[in-house]
1. Does residue B:718 count as part of a loop (DSSP other than H, G, I, E, B) and either touching a Phe, Trp or Tyr at 6+ places or on another chain (Cβ under 8 Å) or at pLDDT below 85 (or both)?
2. Do you know which residues across the range A:32-61 are polar (S, T, N, Q) and within 14 Å of another protein chain (Cβ to nearest Cβ)?
3. Looking at the range B:742-767, which of the residues that are assigned to a helix (DSSP H, G or I) and among the hydroxyl-bearing types (Ser, Thr, Tyr) is farthest from residue B:475 (Cα to Cα)?
4. Going through the range A:4-35 one residue at a time, which ones are closer than 19 Å to residue A:94 by Cα, at pLDDT 85 or above and of a type in the set (A, V, I, L, M)?
5. Confirm whether residue B:770 is within 14 Å of chain A (Cβ to nearest Cβ), of a type in the set (A, V, I, L, M, F, W, C) and part of a helix (DSSP H, G or I).
6. Which members of the range A:116-128 meet the condition of being surrounded by fewer than 23 Cβ atoms within 10 Å (Cβ to Cβ), under 30 Å from residue A:13 (Cβ atoms) and within 12 Å of chain B (Cβ to nearest Cβ)?
7. Just one of the numbered conditions (1) part of a loop (DSSP other than H, G, I, E, B); (2) of a type in the set (Val, Ile, Thr); (3) over 30 Å from residue B:225 (Cβ atoms) is not true of residue B:105; which one?
8. Could you grab the pairs with beta carbons closer than 6 Å, sequence gap of 6+ or different chains, first residue in the range B:745-765 and at the interface with chain A (Cβ under 7 Å from one of its Cβ atoms), second one assigned to a helix (DSSP H, G or I) and small (Gly, Ala, Ser)?
Amino acid sequence: MDDAHNGSLAASARHLTKIYGSGSTAVHALSDVTVEFPKAHFTAIMGPSGSGKSTLLHCLAGLDTPSSGQVFIGDVDVTRLDDAGLTRLRREAIGFVFQSFNLVPTLTAWENITLPLDIARRKPDKAWLDSLIDAVDLRDRLGHKPAELSGGQQQRVACARALAGKPAVVFADEPTGNLDSRSGSEVLGLLRWFVKELGQTIVMVTHDPAAASYADRVVFLRDGRVVDELLAPTRSGILERLADLEAGVAGQ
Amino acid sequence: MLRASIRNLVAHKVRLVLTVLAVMIGVAFLVGTQIFTDTVKATFDELLGRTSKNLSVVVREKSDFGASDFGASRQPIPESLVATVEAVPGVAHAVGSVTGFATLVTADGRAVVPKVVGPPTLATSWTPSNLSSLRFVAGRGPRGPGEVAIDKAAADRFHLGLGDRVTVQTEGAPMAATVVGIVTVGASSNLAGAVLSVFDPATAQRVVGRPGYVNEIDVEAEPGITQDELAARISAVLPAGVEAVTAKTVTKENTAAISKALGFFNTFLAIFAGVALFVGLFIIVNTFTMLVAQRTRELALLRAVGASRAQITLAVLGEAAAVGGVAATLGIAFGTVVAFGVRGLLHAVGVGLPSGPLVMNGRTVLLGYLVGILVTVSAALGPALRAARIPPVAALRDVVALPVRSLRIRAIVGAALLGIGAMVAVGGWLAGSKGGGAAARVGIGAVALIVGMWLASPVLSRPVIHALGAPLVAVRGVIARLARSNAIRNPRRTAATASALMIGLALVSMLAVLTSSTKASIASLVDRNLGADFVLQSEGFDGFSPDVAHRAATLPGVETVAETRVGRARVNGKTEFLAAVSPTIGSVVGLTMTSGSLTTLDDGALLVSRSRAQAAKLTTGSTVEVEFPDRTRERLRIGGVYEDNALLANGGAGYLVSLSTYERHYAVQRDVIVYVEAAPGHQEEVSAGLARALQPYPQIHVRSQAEYKKSILTQVDQIVGLITGLLGVALVIAVLGIANTLALSVYERIREIGLLRAVGMTRRHVRSMVRLEALVIAVFGALVGVVLGSLIGLALVGASGNQIDHLVVPFGQLAVYVLVAAILGLLAAAGPAWQAGRRPVLTAIATE
């Protein structure tokens, strides 16, 4: 337990199990997953469809409740929080980037970025927001509504929104899934920059090896278990491991 | 196609429940009104028909003076005609009957009056024969002076039984009598709410009629002779001015008179049903727009696999017809409850209707279905046509939006209608002083204004809601900002939702302005003009004996007593309302003569109000021919012209004659209102004196100026209360509409709400957001309605000319309406808000 309180971890999961259904129809989405996410690291979670990568992300972010095991954001045990506690956690310690951008269509780009702060009634850190807006390169687009922005621009707004509250960790769920490759690499470069230059922690679920190659580390999942890990990944290295994974499935 | 439609209907139960409810309420009131009318007709047909088994022909005075009121306004005919009629071949039996007004006073000094203001206290004669509709449920028929029978409803209410002593008050000296019988009218415990006292013919003639005269002769035919044939035979022997009509005709007349007496309720309920259906229209439009929007992909798929545009339209219309059919069925069922309710209400106010089964005609059922289905289908027409315009390719797209039409044309048409409506209404307003159709013009203008406002409201909603939301945003921050922007996101839908509320509140506000102004005008009228210290009145319109005025006149300290009687007469061939007054009337009601003099009344002159003089082109000094109900004609000199005065005879008579002129031409001498003026400083003494002197007349209310004013204002308030109550139901329908719209908004924004939760919004915040959205929509609709309604009310006040001479906008009351609408809006949001807050964050944001 004590290493869970290790100050160097932004988030961690311990013996995490998630079972959907019960009896003979029970599906083990996660089976005894233990994984750690150090601070100021960019971690990608990969795996074939049904490997449990999205479930892991949802449990880590407190959006889904695990059947057993623990999740820590910093040193807070997420699994012990009630709805109000989870809401507070999401306000103060977590940022989200979704595949489908999920911006509020009635708000301008600027209002979307400051939305979490407005909801929490927190005073924005001007200098921090300034640096974010410069990083996402949207200064001349702040007054626009989402419908007037391109997909890449919308996702950059979403990134800035996720970072606005200086969260302990940002969870990204297939952030490039709805983008063309050029916009996608812009967004990924941005996420990487956040980690390197601003010291943020990002956990990203993806099935795209090119996207995962921007991360510091790739965690591979299969059938609800952590099966492999790759540090300083390259695209070809990832493809190789994935092929091994597929072969492993075939070999069983 | 059909299977898809049915599945779809079942899948959207909640939404449809709201729609069905809205249509149902409208249909229920419509059907309820119809059932009630038919039931009343049927019971009276039966009631009167049972007697007409024996009754064949009725002989009576031929009246041309708009006689309807139970025949009481007809002049009596000579009793000798009974023998004449009986001699006609084919007549088996003829009975003369006497009818008039009499009030009974119980031994402990209570007046036996109807339960509610309106129905008269009638006196009638009874002759043992099979022609009478009276049935004795206790005791026997009255024989000779000092015996009376009374109706069962009154006996029950005043705990009168056989052997009880009562005093019979008529125009002459009071008569002591003993109750010897209790009667019902057919199966009914009273005659449409009237109090009935029954005497033997000679006594009836003495107390309420004239010896030697009867009001009508009831005739029984010998077997084998038709009513028409007998009526024709009798007519041949009758003198001029007397007619013989068949029992069938009389039954029809009586039924019509009773229906007309109860017509107030019916008209009112029918108008209300209309308002409810109209408001319901908006909800239906919204619902079907939503159903189509939610199914865009499914409909596109149907198009892709070969369904034609017409098929799509028909499918949606078919669904509407099914919804309308279900709603109509429920509405028809619920309509019987409404009919029961109306009967119960009438019973509560003392109108004893026979408790027979309710009559549901095929026509009523047909009407219910026709209206229910037609309203629903026509409201769904727009959405159905839009559904057909969904391109097949929409099935393949991820996000589909229905083709949205520009609001520009709608706004332009709306603005144009608003302009025209305003012009017409203001025209009516300004025409008010000249009279003649001014109110109708305002009415037409009002309809244009309301429709125009409905059309323009989507465009109007943006700035208004933005402004309305500003203080909320200041207090609640981003939650309120989101709520506000959600409210104006779909202006068409917001406007339709708010319009339902707008119409209800426009009507209520119009009423508020109208009645506040009326009340202020009445109050000032009484303050300005009423010189009398005391006003003596009985409830109802049948008046009381002149003995009351004579008693008042002899009291010490009384300076002036003015009597008023009313009647109809034909002036220059036109039937007019006329009042007979004492010349002292001038000071007590503040009558102003524009020419001539009040004292000419005593010389037998006729006085004319200014408006009548203008209309009939009469001038002081000229003469005019007046025909009285006793069929005599007199050329009367116009003795003067007076300013219209609403205090005269309870509402402003157009013509005045002296009491002696009235006495010469009218069979019944009853005062409707008596004014008493005390000598300065003797008010207390007169008040005490009146209380003592009028002890035998417990039905007379002695009211001081303040009490008189209050009694009139209370009547206005009662009517307003009733109307407001019914319009309240329209507001409830509007609230259903708000709930409906919000439920859809929440449904459409599930993912957005999930996102807000993900970035830190609490459940409470989400619920607040939905509630605030409802709040701004409700307040928007309410404000527009209140403003529009107040302006229409003001125009109506203006159009009334001098009748309502005070413009009063009851700001406090209107503010309460807006507040109530706001609270109702919040209530409507409770369900959708709970739904929105309940969604787990994950399901809300997870991609499909």
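1. No: the conditions fail for residue B:718.
2. A:49, A:54, A:55
3. By that ranking, first place goes to B:747.
4. A:9, A:10, A:11, A:13, A:35
5. So residue B:770 does not fit the description; no.
6. A:117, A:120, A:122
7. Single failed check for residue B:105: (1).
8. Once the first residue is at the interface with chain A (Cβ under 7 Å from one of its Cβ atoms) and sits in the range B:745-765, its partners that are assigned to a helix (DSSP H, G or I) and small (Gly, Ala, Ser) give B:751/B:844; B:760/A:120; B:763/B:837.
The values are calculated or read from the model by the stated rules, or taken from the named source; none is laboratory data. All values derive from a computational prediction rather than experimental measurement. Virtual Cβ from ideal backbone geometry, glycine too; neighbours counted across all protein chains shown.
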